[in-house]
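Quick notes on the structure that follows.
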Amino acid sequence: MSYLFPTYNRLDIELVSGKGAKVEDSNGRKYLDFIAGIAVCNLGHSPLPVKKAVEEQLNKVWHVSNLFQISQQEEAAKFLASASGLDAIFFCNSGAEANEAAIKLAKKHTGKTKILTFKQSFHGRTFATMSATGQEKIHSGFGPLLPAFEYLPYNDAGAVSEIEGDDIAAIMVEVIQGEGGVNPGNETFLKEVEKKCVELGALLIIDEVQTGIGRTGAPFAYQHHELNPDIVTAAKGLGSGFPVGAMIGRKELVSTFSPGTHGSTFGGNPLAMAAVKATLETIFEEDFLIGVKNKSGTFIQCLKEKLEPLSFVKEVKGEGFMIGIELEAEAKGYIELLRKNGLLTLPAGPNVIRLLPPLTVTEAELGEALGILEETLQAHEKEAVR
Ligand SMILES: *Cc1c(COP(=O)(O)O)cnc(C)c1O
């Protein structure tokens, strides 16, 4: 019997070591890891610069409270500010916490109560972020939810243009819905959301917990659409596996979070900040991101050419290394077959195979993954036809 709450459907596999995009399980079986801890290990497993930075900090001091100066926080914050074009950062420990901070800041700053989010969104598992998430299966059994949230259809610019009311504090949106099925937001819709926020005096909160930190080939995914968010949240890839989250805000919001309004015991501790600094130093390099764009562009093109002709494949979609293969059928069985053939992938919604390789994945590894995907899905096509 297990001593753990069964909150996850765990595979009967334990990954015991990893380097780059390759991992090995306790039976010595090797895999290509296109899950990367769910968009966390953006520099691959055990990236040397991050390892060195954390080791150095381990030899100095691990944790001091936010009652003291922590210069590493200032340095890490500067990276996020300059990459986002925003002004101030609050550090916490997870994506949900970053969104919690955003929700609190938006309500306090505007003095308004309502937050609009979208169907099939995912914003976290705490009470407020669960309430913000537009998926019934995630709410089930926990009602009544917080009353502040209302859900609009995603990618429906018309529905957004009809929003009215003077009680809306913010609209919170993912540029590409991750957990909801790798659904890229279209330009018209995203621009309409931005326009509506300006019109209503509401803040635009962009949840970049999954899409941020280079995942889509830009520091943040909203930069592909030249949006001007008031608040951006990040977490997954931020610390290369060290648990850390960040809320990034515009300067007009800074004084709203005065001492005593928000906080976190662990948020921004020196160990986490060492991991963040070393991670961002590499990922926010222009050449690194150009590399991600080029590699992923070719890979997506190849996936489209090889997989879209298959009868049960609907569409290959996504941006950078956040890729979804949408099927006419349930994705679960195919993900299992891919795993048996040595490629780790994960679902997004019921019908999508999601690929989130490390951004450092090599051309050779991409070729290998393409081969496994092609062979596995083609074999199934033959079965189906027969
Ligand atoms: C994963 C995720 C979250 C929640 O992050 P946690 O670190 O699990 O709390 C929030 N928003 C998005 C878009 C995510 O993908």
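If you build a Gaussian network model of the chain, linking Cα atoms that sit under 10 Å apart, which residue out of Thr261, Thr113, Thr298 swings the most? Of Thr261, Thr113, Thr298, the Gaussian network model singles out Thr261 as fluctuating most. Counting charges near Glu285 (Lys, Arg +1; Asp, Glu -1) among other residues having Cβ under 14 Å from its Cβ returns a value of -1.
Computed packing ranks the peptides 286-297, 117-128, 365-376 as 117-128, 365-376, 286-297, most packed first, by mean other Cβ atoms within 10 Å. Within segment 1-68, the GluC sites (Glu not before Pro) that combine a DSSP coil assignment with at most 16 other C-beta atoms in a 10 angstrom radius are Glu14.
Counting only other residues whose beta carbon sits under 15 Å from that of Ile163, what net charge do I get with K and R as +1, D and E as -1?
Once all neighbours under 15 Å are counted, the net charge is -3.
Think of the chain as having a plus end and a minus end, set by charges on the Cβ of Lys, Arg, Asp and Glu; of Ser46, Leu253, Gly158, Ser46 sits farthest toward the positive end of this dipole. Extension gain, Arg125-Gln301: 0.36 nm per intervening residue step, less the Cα-Cα distance, totals 59.9 nm. The fewest-to-most ranking of Val232, Val193 by surrounding Cβ atoms within 10 Å reads Val193, Val232.
Oblate is the label for segment 309-356. Its Cα gyration tensor axes, ordered a ≥ b ≥ c, give a/c of at least 1.5 and b/c at or above a/b. Under the criterion of Cα pairs below 8 Å and six or more residues apart, the relative contact order for segment 232-334 equals 17 percent. Net charge dipole, the chain: roughly 780 debye, given to the nearest 20, about the Cα centre with Cβ charges of +1 for Lys and Arg and -1 for Asp and Glu.
Given +1 at the Cβ of Lys and Arg, -1 at the Cβ of Asp and Glu and no other charges, the dipole of segment 165-213 around its Cα centre is 120 debye to the nearest 20. Among complete DSSP H helices in the chain, those whose alpha-carbon atoms stretch at least 18 Å along the helix's long axis and whose mean Kyte-Doolittle hydropathy reaches -1.0 are 71-84, 95-110, 187-200, 270-283, 286-307, 363-385. Filter the trypsin sites (Lys or Arg not before Pro) in segment 57-105 down to the DSSP loop ones having no more than 12 other Cβ atoms within 10 Å, then list what survives. For trypsin sites (Lys or Arg not before Pro) across segment 57-105 that sit outside H, G, I, E and B with at most 12 neighbouring Cβ atoms in 10 Å, the list reads Lys60. Here's the picture: charge each Lys and Arg Cβ at +1 and each Asp and Glu Cβ at -1 in segment 239-339, and of Phe284, Tyr334, Gly324 the one pushed furthest to the positive end of that dipole is Phe284.
Each of Phe299, Gly268, Gly237 was scored by the projection of its Cα onto the charge dipole of segment 222-304, and the greatest displacement toward the positive side belongs to Phe299; charges sit on the C-beta of Lys, Arg, Asp and Glu.
Relative contact order of the chain, taken over Cα pairs closer than 8 Å and 6 or more residues apart, is 22 percent. Relative to the current alpha-carbon distance between Glu315 and Ser71, full extension at 0.36 nm per residue lengthens the span by 83.2 nm.
Does segment 150-282 classify as rounded, prolate or oblate by the C-alpha gyration tensor (a ≥ b ≥ c root eigenvalues; a/c under 1.5 gives rounded; else a/b over b/c gives prolate, otherwise oblate)? Oblate, since a/c reaches 1.5 and b/c is not below a/b. Placing pseudo-labels 7 Å out from each Cα toward the beta carbon at Arg29 and Ile290 gives an inter-label distance of 4.1 nm.
The modelled label-to-label distance between Leu4 and Ala88, using points 7 Å beyond Cα along the C-beta direction, is 3.9 nm.
Quick one: grab the alpha carbon gyration tensor of the chain, order the square roots of its eigenvalues as a ≥ b ≥ c, and give me rounded if a/c is under 1.5, else prolate or oblate depending on whether a/b is larger than b/c. Provide the component values of the computation, followed by the final result.
Details: a/c = 1.69, a/b = 1.23, b/c = 1.37.
The shape class here is oblate.
Annotation for segment 92-162: GluC sites (Glu not before Pro) lying in DSSP loop with at most 11 further Cβ atoms inside 10 Å of their Cβ are Glu162.
Across segment 1-40, Cα pairs under 8 Å and at least six residues apart give a relative contact order of 24 percent.
Net charge of the neighbourhood of Ile103, taken over other residues with C-beta under 13 Å away and scored Lys/Arg +1, Asp/Glu -1, is +1.
A short reminder: the numbers here are calculations on the coordinates, not readings from a lab. Computed from a predicted structure; not experimentally measured. A quick note on method: Cβ atoms are made from the backbone with ideal geometry, for glycine too, and the neighbour counts reach across all protein chains shown.
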